[in-house]
1. For A:ILE593 and A:LEU222, FRET efficiency with R0 = 25 Å and r from the beta-carbon atoms, rounded to 0.05?
2. Per-residue Cβ counts within 10 Å, from other chains only, averaged over A:43-54: what number is that?
3. Work out, step by step, the length gained on full extension between A:ASN351 and A:VAL432: first 0.36 nm times the residue separation, then minus their alpha carbon distance; give nm to one decimal.
4. For the pair A:LEU421/A:THR31, report the inter-label distance in nm, with labels modelled 7 Å from Cα in the Cβ direction.
5. Which order do peptides A:539-548, A:460-469 fall in by mean Cβ count within 10 Å, highest first?
6. Rounded to the nearest 0.05, what FRET efficiency do A:MET446 and A:SER574 give with R0 = 45 Å and r taken as the Cβ-Cβ distance? Could you check?
7. Which whole-number percent gives the relative contact order of the stretch B:6-62, counting Cα pairs below 8 Å spaced six or more residues apart?
8. Suppose every Lys and Arg Cβ carries +1 and every Asp and Glu Cβ carries -1, with no other charges. What dipole size does the protein assembly as shown come out with about its Cα centre, to the nearest 20 debye?
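The numbers here are math on the coordinates, done by the rules we state, and not lab data. Every value quoted in this text rests on a predicted model; they were computed, and no experiment measured them. Positions of Cβ are generated from backbone atoms using ideal geometry, with glycine treated the same way; all protein chains shown enter the neighbour counts.
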Amino acid sequence: MHVYALSPLLAVAGSMDKPTAPSSVLLQLATVDYLILAIYFAFVIGIGWVIRRYMKTSSDYFESGRSLPAWICALGFIGANLGAQEVMGMAASGAKYGIATSHFYWIGAIPAMVFVGIFMMPFYYGSKARSVPEYLKMRFDEKTRTFNALSFAVMTVFSSGISMFALAKLLNAILGWNFDACIVISSLIVLVYIYTGGLTSAIYNEVLQFFLIVLGFLPLVLLGLKDIGGWDGLMKNLDGYSAAKGMPGAWSHSWAHMGNPADNPIGIEWFGLIVGLGFVMSFGYWCTDFLVIQRAMAAKNMNSARRTPLIAAIPKMLFPALVILPGMLAIGLYYKGGTASMPLPIAADGNPDYNMVVPAMLAKYFPHGMLGIGLTALMASFMSGMAGNVTAFNTVWTYDLYQRWFNKNASDAHLIKVGRLTTIVGLLISAVCAYAAAKFNNIMDMLQLVFGFVNAPLFATFLLGMFWRRSNGHGAFFGLLIGTISAAIFQGSTIAMGETPSLLKGGWLGIHHTFSSSMAQNFWMAICAFTGCFVGTLVISLATAPNRTNEELRGLVYSLTDKPKEEAGTPWYSRPMPLGLLVLAGALVLNIIFW
Amino acid sequence: MQLDIRLPMGLLFLILGVILVAYGLFSDPAIYAQHSLGQNVNLLWGVIFALFGGVMLFLSRRKG
């Protein structure tokens, strides 16, 4: 699932050395900054405490009682994703790749979010499934569900551990805080508000964090823009920087240099970008990952559930201004005035340390007061990244694994208890992962690779499941396996330029193709996995008997489900279709403006 | 819905806004010359935080 969402975060996590006491700290906090931090976390915990008394049934705890309005779900939908990987990682990519980083939004996220809202949500929400794996059980069979639930549970708990690790590492590096204390305190805060308030608590805090990040980072962008001489000043400096890098103009255009992988810093051509990132990876993440789908499934009715990703797409497509622009500004300022104007730490390879872009910008432009706000926003984003994973984990564990395999007749009150206990256990495992990441960097890279193999093909399963009624349980399960194996074989027989063959980097089956970057290798691996799963599911489904009758498939498959109807008099902006088209048009315009 | 999120959100941003404004009024102007291009960002942005908080509070109270 996190195959592309995770990679920038790992870059953050992997860039710093072992957690030791740093020689000099980048930021010093004043009393007012601590006060702001304390107030924020008091509110976070307070919200969990207040809503704990509304947690009466397991549905309240795991699904927010399917009662939330669309705008809250929508902000939760992007808030759950607006973790540190987005704030720190996208700024790092903005510095490294320039405007082209926006492909992750305008060709990546947006079309997929529109698709899931208009076409897939009717089945997720309408089936009354409580989780994505449960939908797979209704549509296909138990083995497909368990395969998906297990891989998802492991992945979420590791992702949460990585967030925890990256947070502790970052605070240790920039503030000199104790690594262990950061792990303990961050998990305790997340524990308290998820334990008490469940999914609602997580979503409410994602909403808070969303506004905090938007309002907290906006002045950073405005000050940076003012400093560099506005947009024109930024473009002038980026052009100077890209010319010095031997790719003239590559930092200030998103599409113009995508004809040839050698002409742009991402090292990818337009076809691999559109199909690999825009189709396979983004659809695989936004349309099948329970972490985000769970937010839409908490909506109060079908119309709200469908509008959740569509409303979320509107701020999402403007996010590059907030998360990518700081990176571009930092590199522009760095080029403009040498290290004196923008003191970016230099990494071992002689390039600026891209992962430190956000902390460096905070240190330069924010005086005490706003510094507290910026840091709180950053910490909040790490924690909501953990919380999002933990809530998805406890739901899948409780409903799809515990209730199915260990205690079929569990009472509702018992399920809440299990969910709460799972929250504790999940955070404990996350902490173990955080320490494992600190000790062995390779473990995390290895896991990310395996997640990539398992997740790359998933979208093919859902696509065939929802839109081809003849696909069946055996087809889905073995198709997934074939897709996963295709991904592994593909990775084993290719490599990125400049890498030596290894289990991690690929090429362990012999090198049959060399890509110009590991990003390109990843995109093409996803394309291969998707194709393997698609063809595998197709062939095996046709070769075996259907395992569901048409009656059983009603509400689960497109051709056997009544189209959701809007009540007469619903204004156009409350109807999914016009809203979705509007969002797509917006993304198209943005692509053209920054071509 | 049980607790309107706009209530705690409004309170939080109002409190943070007031803190920023107060700090902006009483802090040494030199820190703004050093960091934020001479702009008193705490004062300016504190007002924006407080306004946002106020609007959220108003919205949460409007329907009772």
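1. According to the calculation, E is roughly 0.80.
2. Across A:43-54, the average partner-chain Cβ count within 10 Å equals 3.
3. Working it through step by step, the gained length comes to 25.9 nm.
4. About 4.7 nm, to one decimal.
5. Result, highest mean Cβ count within 10 Å first: A:460-469, A:539-548.
6. Calculated value: 0.45.
7. That works out to 57 percent.
8. Rounded to the nearest 20 debye, it is 1580 debye.
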